[in-house]
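The values are calculated or read from the model by the stated rules, or taken from the named source; none is laboratory data. Just so it is clear, the model here is predicted, and its values are computed rather than measured. Here the Cβ positions follow ideal geometry from the backbone for every residue, glycine too, while neighbour counts run over all protein chains shown. Protein only, heavy atoms only, side chains kept; ligands, DNA and RNA dropped before computing areas. Shrake-Rupley method; radii C 1.70, N 1.55, O 1.52, S 1.80 Å.
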Amino acid sequence: MGYYYRHEFKFSDHSIQRIKQRLNLGNSEEYLLKEKVLDMIEKSTKCFETSTHLYIHTKKQDIYFVIKLPEKLIITATPISIAKQLQLIESDG
């Protein structure tokens, strides 16, 4: 990573707090937390999308990162059940 490297995703203050809570990273420095999350997103093989949000799954504690589109802003980290996934997708259409 060079000096001018920019991440594809941005983080809201709320998402930082939720990530610390839900992934048990409370004492992590913010830059390390962001790097860890971006690595999890890159390695993810499961996601779904609505017209306004992208939901990327992480295997750690079965959490989804919720990303607001088109800003690519990570707004929270939350568990999402299969039923809730279907509800989100169906209500989008």
*Qualifying positions in segment 28-69 - open to solvent by 70 Å² or more (accessible area, probe 1.4 Å) and either in a loop (DSSP other than H, G, I, E, B) or on the phi > 0 side of the Ramachandran plot (or both)*: 29, 45, 46, 51, 59, 61, 62
_Close pairs from segment 51-74: first touching a residue at least 40 places away in the same chain (Cβ under 8 Å), partner of a type outside the set (Ser, Thr, Tyr) and part of a helix (DSSP H, G or I), Cβ under 7 Å, at least 6 apart_ = 51/92; 63/22; 65/37; 65/41
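Taking the residues in segment 70-93 that are of a type in the set (D, E, K, R) and over 15 Å from the mean Cα position of the chain (by Cα) as candidates, determine which candidate is least open to solvent (accessible area, probe 1.4 Å).
Start the filter on segment 70-93 by keeping residues that are of a type in the set (D, E, K, R), which leaves 71-72, 84, 90, 92.
Still in the list and also over 15 Å from the mean Cα position of the chain (by Cα): 84, 90, 92.
On the way: 84: 89, 90: 139, 92: 62 Å².
That would be 92.
Has segment 3-26 got at least one residue that is among the acidic types (Asp, Glu) and closer than 20 Å to residue 81 by Cα?
We begin by selecting, within segment 3-26, every residue among the acidic types (Asp, Glu); these are 8, 13.
Those still in the list that are closer than 20 Å to residue 81 by Cα too: none.
No, every residue in segment 3-26 fails to be among the acidic types (Asp, Glu) and closer than 20 Å to residue 81 by Cα.
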